[in-house]
Amino acid sequence: MRKLANEELDRKSIEEFKEADKIPVSIFLDNVRSLNNVGSAFRTSDAFLIEKIYLGGITGTPPHREIQKTALGATESVAWEHVPEPLPFLKGLQANGYKIISIEQAENSTSLLDFTPDKSEKYCLVFGNEVFGVDQEIVSASDVVIEIPQFGTKHSLNISVSLGVVIWEFYKNLSA
């Protein structure tokens, strides 16, 4: 087996990405402190054709070299917007037909293993602060709370890992 060279990967140009059909999913980062996590969110969103990233509260915004270090240019392809006040904004998305889904450990959460996205719906996936998770007001206002099953001694995953796991599951179900 031989590794493929970058020019053999048939990647989209930035213009092709912007014109491509996206899955009906946006990402909301709720007060994410790490600029590396922000960059990873852009890179993962580019890989799986996410509509848009919303950067809520204190979440850092491009251009910034720490974001660029992990985004590897995805800040140029993925649409994004800074949202100073997360809760009213998310309620506005709900009013416009988006299902707000917080990724969090909560009472009556739904296991990611048991959730199947509906192709007729639009989703906004909320990922929270590295220490405090998704703000309780946002969790309470969410249509669904999805929990990633974990089987070891730790009770959380890094945001970039959570993004990859959840977005992949949504992509698998919505792109087919």
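The values are calculated or read from the model by the stated rules, or taken from the named source; none is laboratory data. Quick caveat, the model's predicted, so the values are computed rather than measured. Every residue, glycine among them, receives a Cβ derived from its backbone with ideal geometry; neighbour counts consider all protein chains shown. Surface areas here come from the heavy atoms of the whole protein model, side chains and all, with no ligands, DNA or RNA. Shrake-Rupley method; radii C 1.70, N 1.55, O 1.52, S 1.80 Å.
Pick from the range 4-43 the residues that are open to solvent by less than 10 Å² (accessible area, probe 1.4 Å) and without any contact (Cβ under 8 Å) to a residue 60 or more places away in the chain: which of them is farthest from the chain's Cα centre (by Cα)?
This residue is 39.
Within the range 127-138, how many residues turn out to be open to solvent by 20 Å² or more (accessible area, probe 1.4 Å) and hydrophobic (A, V, I, L, M, F, W, C)?
2
I need the full set of residues from the range 10-45 which are over 26 Å from residue 173 (Cβ atoms) and touching a strand residue (DSSP E or B) at 6+ places or on another chain (Cβ under 8 Å), in order please.
Answer for the range 10-45, where residues must be over 26 Å from residue 173 (Cβ atoms) and touching a strand residue (DSSP E or B) at 6+ places or on another chain (Cβ under 8 Å): 31, 33.
Among the residues of the range 149-161, what is the count of those that are closer than 18 Å to residue 70 by Cβ and out of contact with any strand residue (DSSP E or B) (no Cβ under 6 Å at 6 or more places or on another chain)?
4
Every residue in the range 46-74 that is more than 29 Å from residue 173 (Cβ to Cβ), in contact (Cβ under 8 Å) with a residue 24 or more places away in the chain and open to solvent by 30 Å² or more (accessible area, probe 1.4 Å), please.
Matches in the range 46-74: 58, 64, 66, 68, 69.
Would it be correct to say that residue 2 is in a loop (DSSP other than H, G, I, E, B) and at pLDDT below 95?
Here the answer is no, as residue 2 does not meet what is asked.
Okay, residues lined up against (1) hydroxyl-bearing (Ser, Thr, Tyr); (2) loosely packed, with under 13 Cβ neighbours inside 10 Å:
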{"position": "110", "(1), (2)": "yes, no"}
{"position": "115", "(1), (2)": "no, no"}
{"position": "125", "(1), (2)": "no, no"}
{"position": "142", "(1), (2)": "yes, no"}
{"position": "150", "(1), (2)": "no, yes"}
{"position": "174", "(1), (2)": "no, no"}
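Filter the range 134-143 down to residues that are touching a residue at least 40 places away in the same chain (Cβ under 8 Å) and not in a loop (DSSP other than H, G, I, E, B) and give me whichever is farthest from residue 175 (Cα to Cα).
The residue in question is 137.
Looking at 38, 78, 32, can you tell me which residue is in contact with a Ser or Thr (Cβ under 8 Å, 6 or more places away or on another chain) and either over 23 Å from residue 104 (Cα atoms) or modelled with pLDDT under 95 (or both)?
78
Could you grab the pairs with beta carbons closer than 7 Å, sequence gap of 6+ or different chains, first residue in the range 107-133 and at positive phi, second one in a loop (DSSP other than H, G, I, E, B) and open to solvent by 40 Å² or more (accessible area, probe 1.4 Å)?
Cβ pairs passing all conditions: 133/104.
Report, by residue number, each residue of the range 80-99 that is outside any helix (DSSP H, G or I), under 15 Å from residue 56 (Cβ atoms) and within 16 Å of the chain's Cα centre (by Cα).
Of everything in the range 80-99, those that are outside any helix (DSSP H, G or I), under 15 Å from residue 56 (Cβ atoms) and within 16 Å of the chain's Cα centre (by Cα) turn out to be 80, 81, 82, 83, 98.
For the range 152-168, how many residues are in a helix (DSSP H, G or I) and either loosely packed, with under 11 Cβ neighbours inside 10 Å or in contact with an Asp or Glu (Cβ under 8 Å, 6 or more places away or on another chain) (or both)?
Total satisfying the criteria: 1.
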